[in-house]
Amino acid sequence: MIKTVVFIFLLFLDLLTKLFIQNNVVLNQSIKINAFFDIVYVQNFGVSFGLFSNFFNYWVLVIIGLIIVFLIFYLFYTSDKNFEKIAYLLIISGAAGNILDRALNSYVVDFISLHYNNFYWPAFNLADIYITIGIIMLLISFFIKSEDK
């Protein structure tokens, strides 16, 4: 039950922030927050960092994403470790947010821009943060598991 609530909360928060950006920031507009953080409205038609932007139809990316989510859901369901389950839940929540966004818009809304001087990281969103944290948690879990053996 709590996992479902967390999933819905994370998904809702991701989609709500994307909707807020779409409705309140002009496309490609950058709003400086501080020396290393800007809010910028970017439409990502590709996968991570905009890769393959004009290579695949967005429905292909939606279908591939759904297949991956179902595989991760299987791993979530079969895992017996709570730490791994949380990691999988984060990844599923982030992936679902980006898949739903792409299915509704044909692109994913990215809006967080981090930089140092003239070195910019590609824009990303909350779903990307969920996925990244989940992957880091899985890596930690795998390293801990391999040390135990």
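The values are calculated or read from the model by the stated rules, or taken from the named source; none is laboratory data. Computed from a prediction, not measured in an experiment: that's the story for all the values here. Glycine gets a Cβ as well: all are built from the backbone with ideal geometry, and neighbour counts include every protein chain shown. Ligands, DNA and RNA are excluded from the accessible area calculation, which covers all protein heavy atoms including side chains. Shrake-Rupley method; radii C 1.70, N 1.55, O 1.52, S 1.80 Å.
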*Add -39500 (n - 2.57) for each DSSP H run of 4 or more in the chain, then divide by its residues: what number comes out at 222 nm, to the nearest 500 deg cm²/dmol?*
-21500 deg cm²/dmol
*In what order, largest first, do TYR41, TYR74 sit by accessible area if the probe radius is 1.4 Å?*
TYR74, TYR41
*asked:* Restricting to lysines 8 or more places apart or on different chains, can you count the pairs in the chain with Cα atoms under 17 Å from each other?
replied: 5
*asked:* To the nearest 20 Debye, how big is the dipole of the chain about its Cα centre, given +1 on the beta carbon of each Lys and Arg and -1 on that of each Asp and Glu?
replied: 100
_I want to verify a result. In a Gaussian network model of the chain, Cα cutoff 10 Å, which of these has the top mean-square fluctuation: VAL40, VAL108, VAL26?_
VAL26
_LEU71-TRP121 FRET efficiency (beta carbon distance; Förster radius 30 Å; 0.05 resolution)_ = 0.60
_Kirkwood Rh and Cα-based Rg: tell me the resulting Rg over Rh for the chain, rounded to two decimals._
1.00
*FRET efficiency, THR4 to PHE83 (Cβ-Cβ, R0 25 Å, nearest 0.05)*: 0.85
*Stretch ASN57-ILE144 to full length: gain in nm at 0.36 nm per residue minus the Cα-Cα span?*
27.4 nm
_Top of PHE36, PHE45, PHE124 by mean-square fluctuation, Gaussian network on the chain, Cα under 10 Å_ = PHE36
*Which residue fluctuates the most in the chain, going by a Gaussian network model with Cα springs under 10 Å, if the choices are PHE119, PHE111, PHE76?*
PHE119
*Return the sequence-ordered ³J(HN,Hα) values of segment 75-92 in whole Hz as given by the Karplus equation 6.51 cos²θ - 1.76 cosθ + 1.60 applied to θ = phi - 60°, using x for Gly and Pro.*
4, 4, 5, 8, 6, 10, 10, 4, 4, 5, 4, 5, 4, 4, 4, 4, 5, 4
